Structures are given as structure tokens and as C-alpha cells.
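A short worksheet on the structure shown next.
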Amino acid sequence: MTTITLRPVGNGYSSMWPNQYPAYGYHWDKVDEATADENSTYISLGSSGELNDLFYHGGYTGSGDITEVRLKVRGCNITGSSSYSWWRGILRIGSTNYYGTQYSYATVIPYTTWTWTWTTNPATSIAWRWTDIEALQFGIAAYNGTGGDTTRCTQVYLEVDFVPAPGGANVLSGAFF
């Protein structure tokens, strides 16, 4: 089994979270680090309502059978006065968003890494293909209740597990956007 990690290299279809720290640059460069930097760079959401942020990755051309795709997001809720806030992972395939399980919170939570797993492509319900991986976007959706919550996200990445084809070449390739 081999695992590759795909990190954001560009903003995707939607960049709806209203804040980023530092204020310069792009949303993707606030969540692309290999080691989470917590409050050094992040995107944040302080308003109520569901907002999505999606990202492009650098791409990967591989051979072999993909067994699992995992979306990982590291974030926190730093105020927690609302009675109801949540977030969930997103895969965007074609023009459709596919959401992972929704995690709810009503109190302050420290930085935590959440994981959403897909063993098949949710658009087709069949095994993942490398062309599916190359074309997808990934990200995070969040909803803050009306109690003044502030949600931060500091890291987003995709892990792909696969069994390499015998003698197959696996090569990192350029960005797909």
C-alpha cells in the first residue's frame, strides 16, 4: 500500500470564508502546510450561515488500484457561544459537491484534525480512477450559529491510498486548474 498526500495549490470553485490571516495572499496558502501552524495562518468564519472553501491540488498521475481517499481538515472553534455550529468536508467532482459527515459543536474546541473517508467515488459509486483524483477539488464547509462563533481552519489536504501496479510509474505532475 502506498499513500500520497495532495495539498492545495490554488483556490477552487468557491472561496466563501470571509477572513484569512494574514490578510494578504490567498485562502489556499493559509491551509497548505505539511505541518499545521495553528494560529500562524488560517481562514476563518465569523458570520452565520453555511460557507464553502474549495481548493485545487497539484495533481498526481499514478497507476494501480485506489483503495481509499481521505480528506483531512485541521481547525477549531475559538468562541463557542452558539448553541449550534458545524463543519463537514467537501469533495467537488464535476459541478457537484459531495459532503462528508457533519460534525457539530456548541462549545469552544481546540485545534483538532477531522477525517472524512471515501472508498468509492461518490459521483459514480464505483472504484476511484486516477482521472477522478486529478479532476477533483476538496475543501471545508462550515456553519456558525448566531451566538458569535468564530471558526478557524489552518490545514486541508487529501490522502490517497493505492496499491501500485507492478512496474507502474507514479509521477507527480503539474497543477490542474
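The values are calculated or read from the model by the stated rules, or taken from the named source; none is laboratory data. Because the structure is predicted, anything quoted here is derived from the model rather than measured. Quick reminder, even Gly has a Cβ in these numbers, built from the backbone with ideal geometry, and neighbours come from all protein chains shown.
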Answer yes if at least one residue in segment 73-81 is small (G, A, S) and either over 20 Å from D149 (Cβ atoms) or assigned to a strand (DSSP E or B) (or both), and no otherwise.
yes
Go through (1) in contact with a helix residue (DSSP H, G or I) (Cβ under 9 Å, 6 or more places away or on another chain); (2) free of Cβ contacts under 8 Å to residues at least 40 places away in the same chain for I43 and report which single condition fails.
(2)
Does R129 satisfy being of a type in the set (D, E, K, R), modelled with pLDDT of 85 or more and surrounded by 16 or more Cβ atoms within 10 Å (Cβ to Cβ)?
no
Top-ranked residue of segment 144-155 - restricted to ones that are in contact with a Ser or Thr (Cβ under 6 Å, 6 or more places away or on another chain) and outside any loop (DSSP other than H, G, I, E, B), ranked as modelled with the lowest pLDDT
N144
Identify all residues within segment 24-55 that are among the polar types (S, T, N, Q) and part of a strand (DSSP E or B); write none if there are none.
S44, N52
For segment 85-104, check the following and say yes or no: at least one residue is over 19 Å from the mean Cα position of the chain (by Cα) and either of a type outside the set (F, W, Y) or modelled with pLDDT under 95 (or both).
no
Out of curiosity, is N52 surrounded by fewer than 18 Cβ atoms within 10 Å (Cβ to Cβ) and of a type outside the set (K, R)?
no
